[in-house]
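Read through the structure below, which is laid out as structure tokens, and then see the notes.
The values are calculated or read from the model by the stated rules, or taken from the named source; none is laboratory data. Just so you know, these numbers come straight off a predicted model, no measurement behind them. Using ideal geometry, Cβ is built from the backbone for each residue, glycine included, and neighbour counts are taken over all protein chains shown. Surface accessibility is based on the protein's heavy atoms, side chains included, excluding ligands, DNA and RNA. Shrake-Rupley method; radii C 1.70, N 1.55, O 1.52, S 1.80 Å.
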Amino acid sequence: MVTSRPADGWATANDWANHRPLITALYRDQNKTLKETMTVMEEKHEFFATVRMYKARFQQWGIEKKIKAEDAVEIFRQQTARAKAGKSSVVYIRGRKINPERLQRYRYRAAAIVSEQILMVEKELTSSPSAVSPPSSHIVCRTPSPSPEDPPTLSPQLDDPTDFKVPHECMHILGNYVAGSVAAGVWRQASTAPVPDAFTWAHYLAMSQGLIAHDRTREGFALLNLCFEQYKSHLLNPDPFFWLATYKATLLLAHRDTALGEMFIEYASNLTSLMLPSTHPFNLVWERINITGLPGLQQHAAALFESYLNICREHPGLLPADQNSLVQMAFVFIQLQCSGMVPYSFTRDALGGMMRLLAGSVSSEFLLNEAKFRMACLLLEQHRLDEADMVIREILTWIDSLQDTVHNEFSHLRCKCLWTMFEIEEKKGNIKEASQIGHNLVKSCRNVYGPVHLQTIDAISALESFHTRNNNTDAAQDLADQFNTYWTYFSDIAGKKKGFPHTIEQPWLHRCIELKEDERLIQQVVDLLERSSWLEEP
């Protein structure tokens, strides 16, 4: 395609008029891109024009490829009305036939306000089929003409808005993949296995966002890049929870920044297509996720999580029987329940078997206090500081009540409580108290995790950011020096290992809510654990 003025000059007004039907057919009817249209016109018809010239003509001719929001609402209104009457539909906008797949993609990717409008007109027609407004003049929904190439088929009813085709296909593909991997003996969980590698990866991903939040942007993105690199090894050697972690990572990144979530989807799907055969189940799943985009994944996350966990639950060999691993898996169910990613009934049934095995143990009490900690984090986010402080102190009292031999097993929870108290005091404006708790937090992290562990590094970055905000430059500089020293060690270890320096042995090390959680859902878990006989001796 030419980039400079051709020898014969640009297309004249007569040239545009003579070639208008062909250009319209290529660009609008055959859905070619502008670049493809220009190439065809130049190479086959010696018709030369710039991008700006084409766009000006398209505007003059009234050619639009994008579906407007009001047109989309009207299309789904007409389709719904016809479907209720048992009629199939083909859609035309200003005489141009619209591909059904394009309409489906539009629905998945539409803005929230447009999706609500579509859902509203569908519900109105469902509850009152007679409530049909006059159709738009430039939008036509009619019965398709019979084609000799296509066998007759029954007209399907429109899918329920919460039950689309693409998520079900993803569930079906992953279900067959998990079942096949189990049958082939690919996944054999050891009786004392640590948290699956997928959770270690997801934890480091969450920590990268914490560093960015503490103004350590360069280090946060370096850690994020390390996570992206490690995704390759997980892709080639996935554990049973690879897709669970992938879904969660996408939602986590999108929760912080929509662009990051979309970037990860693009990266992971492109990487999968390069490293695995086109027919591999993972490629088939990404093909479908790319149709829905990030909005579709967010909308159907609950169904996808529930389906995947149900698959794993149907294969007992994937869920280890030792007490530590049972606690780990129970926590995952609790976390997803609090985020609204799985329904309460599913969580209750799934936890039932696990909790019966933990009945009367301190582990069941630990899970109750972890659920309470999630409530404290939510109260902190809502600036209900006194309530959050009361819950945190209640948890610390429980930890202090344990025997010394058991007490140290919950040092991770103590560190998280200190971190939350640090943030509560700062939000209350108690700078001196916050500073003291912050330094105790860093000291505790060094003792529990070691100086170059990411938990300690993250705590140092948070305390450094705190002192910077409060103009305590000497303390901030001292912490910055510590951070830089420890980060250098951490990076060196990561470089030598070509991976994560430390394996995360609990999936709950992160001290804040990673995904949006709901107070009512958290309270359901707390109530369930408090009133259940699982906490009593059998």
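How about the stretch 324-336: which of its residues are buried (at least 18 other Cβ atoms within 10 Å of the Cβ) and either without any contact (Cβ under 8 Å) to a residue 12 or more places away in the chain or more than 15 Å from the chain's Cα centre (by Cα) (or both)?
From the stretch 324-336, those buried (at least 18 other Cβ atoms within 10 Å of the Cβ) are 325-336; that's our starting set.
If the condition is that a residue be buried (at least 18 other Cβ atoms within 10 Å of the Cβ) and either without any contact (Cβ under 8 Å) to a residue 12 or more places away in the chain or more than 15 Å from the chain's Cα centre (by Cα) (or both), then S325, L326, V327, Q328, M329, A330, F331, V332, F333, I334 are the ones that fit.
Before we move on, is E387 part of a helix (DSSP H, G or I), touching a Leu at 6+ places or on another chain (Cβ under 7 Å) and under 22 Å from Q523 (Cβ atoms)? First the steps, then the outcome.
Numbers: part of a helix (DSSP H, G or I): yes; touching a Leu at 6+ places or on another chain (Cβ under 7 Å): yes; under 22 Å from Q523 (Cβ atoms): yes.
The answer is yes for E387.
Would you say E219 is crowded, with 16+ Cβ neighbours inside 10 Å, acidic (D, E), under 27 Å from F466 (Cα atoms) and at pLDDT 80 or above?
yes
Residue by residue through the stretch 208-245, note down the ones that are under 16 Å from S273 (Cα atoms), among the polar types (S, T, N, Q) and part of a helix (DSSP H, G or I).
Matches in the stretch 208-245: S233 only.
Do we have F483 as under 16 Å from D215 (Cα atoms), buried (at least 19 other Cβ atoms within 10 Å of the Cβ), in contact (Cβ under 8 Å) with a residue 40 or more places away in the chain and not small (G, A, S) here?
yes
Which condition number does A350 fail, the rest of (1) farther than 23 Å from F466 by Cα; (2) open to solvent by 30 Å² or more (accessible area, probe 1.4 Å) being met?
So the condition that A350 fails would be (2).
Take the stretch 4-42 and flag every residue that is assigned to a helix (DSSP H, G or I), open to solvent by 70 Å² or more (accessible area, probe 1.4 Å) and in contact (Cβ under 8 Å) with a residue 12 or more places away in the chain.
R20, D29, K35, listed by residue number.
Which is hydroxyl-bearing (S, T, Y) and modelled with pLDDT under 85, of S273, S278?
So the residue among S273, S278 that is hydroxyl-bearing (S, T, Y) and modelled with pLDDT under 85 is S278.
Among the numbered conditions (1) open to solvent by 20 Å² or more (accessible area, probe 1.4 Å); (2) touching a Phe, Trp or Tyr at 6+ places or on another chain (Cβ under 8 Å), tell me where H383 comes up short.
(2) is the only condition that H383 fails.
Residues checked against (1) within 22 Å of M329 (Cα to Cα); (2) assigned to a helix (DSSP H, G or I); (3) of a type in the set (A, V, I, L, M); (4) under 29 Å from the mean Cα position of the chain (by Cα):
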position	(1), (2), (3), (4)
L351	yes, yes, yes, yes
R356	yes, yes, no, no
L413	yes, yes, yes, yes
S435	no, yes, no, no
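Which residues, taken from the stretch 358-372, are buried (at least 20 other Cβ atoms within 10 Å of the Cβ) and either aromatic (F, W, Y) or outside any helix (DSSP H, G or I) (or both)?
Of everything in the stretch 358-372, just one residue is buried (at least 20 other Cβ atoms within 10 Å of the Cβ) and either aromatic (F, W, Y) or outside any helix (DSSP H, G or I) (or both), namely F366.
List the number of the failed condition for F58; all other conditions in (1) under 16 Å from I139 (Cβ atoms); (2) over 35 Å from the mean Cα position of the chain (by Cα) hold.
Of the numbered conditions (1) under 16 Å from I139 (Cβ atoms); (2) over 35 Å from the mean Cα position of the chain (by Cα), the odd one out for F58 is (1).
Determine whether the stretch 362-374 contains at least one residue that is modelled with pLDDT of 90 or more and hydrophobic (A, V, I, L, M, F, W, C).
Taking every residue of the stretch 362-374 in turn, at least one turns out to be modelled with pLDDT of 90 or more and hydrophobic (A, V, I, L, M, F, W, C).
Looking at the stretch 266-287 only, could you name the residues that are in contact (Cβ under 8 Å) with a residue 24 or more places away in the chain and open to solvent by 10 Å² or more (accessible area, probe 1.4 Å)?
Scanning the stretch 266-287 gives Y267, L271, M275, L276, P281, L284.
Please go through the stretch 16-60 and give me each residue that is in contact with a Ser or Thr (Cβ under 7 Å, 6 or more places away or on another chain) and of a type in the set (A, V, I, L, M, F, W, C), ordered by number.
Scanning the stretch 16-60 gives I23, L26.
What tally of residues in the stretch 464-479 results from selecting those that are crowded, with 18+ Cβ neighbours inside 10 Å and either among the β-branched types (V, I, T) or under 23 Å from D492 (Cβ atoms) (or both)?
The number of residues fulfilling the criteria is 2.
Regarding L418, is this residue among the aliphatic types (A, V, I, L, M), at pLDDT 90 or above, under 25 Å from T200 (Cβ atoms) and part of a helix (DSSP H, G or I)? Quick ask: steps written out before the conclusion?
On the way: among the aliphatic types (A, V, I, L, M): yes; at pLDDT 90 or above: yes; under 25 Å from T200 (Cβ atoms): yes; part of a helix (DSSP H, G or I): yes.
Considered against the rule, which asks whether it is among the aliphatic types (A, V, I, L, M), at pLDDT 90 or above, under 25 Å from T200 (Cβ atoms) and part of a helix (DSSP H, G or I), L418 comes out as yes.
Does the stretch 46-71 hold any residues that are at pLDDT below 80 and either surrounded by 12 or more Cβ atoms within 10 Å (Cβ to Cβ) or among the aromatic types (F, W, Y) (or both), and which are they?
The answer is I63, E64, K65, I67, A69.
Could you list, in sequence order, the residues of the stretch 442-454 that are open to solvent by less than 10 Å² (accessible area, probe 1.4 Å) and within 19 Å of Q209 (Cβ to Cβ)? Before the answer, list the steps.
So the first thing to find is which residues in the stretch 442-454 are open to solvent by less than 10 Å² (accessible area, probe 1.4 Å), and the list is 442, 445, 454.
Residues satisfying the conditions are C445, L454.
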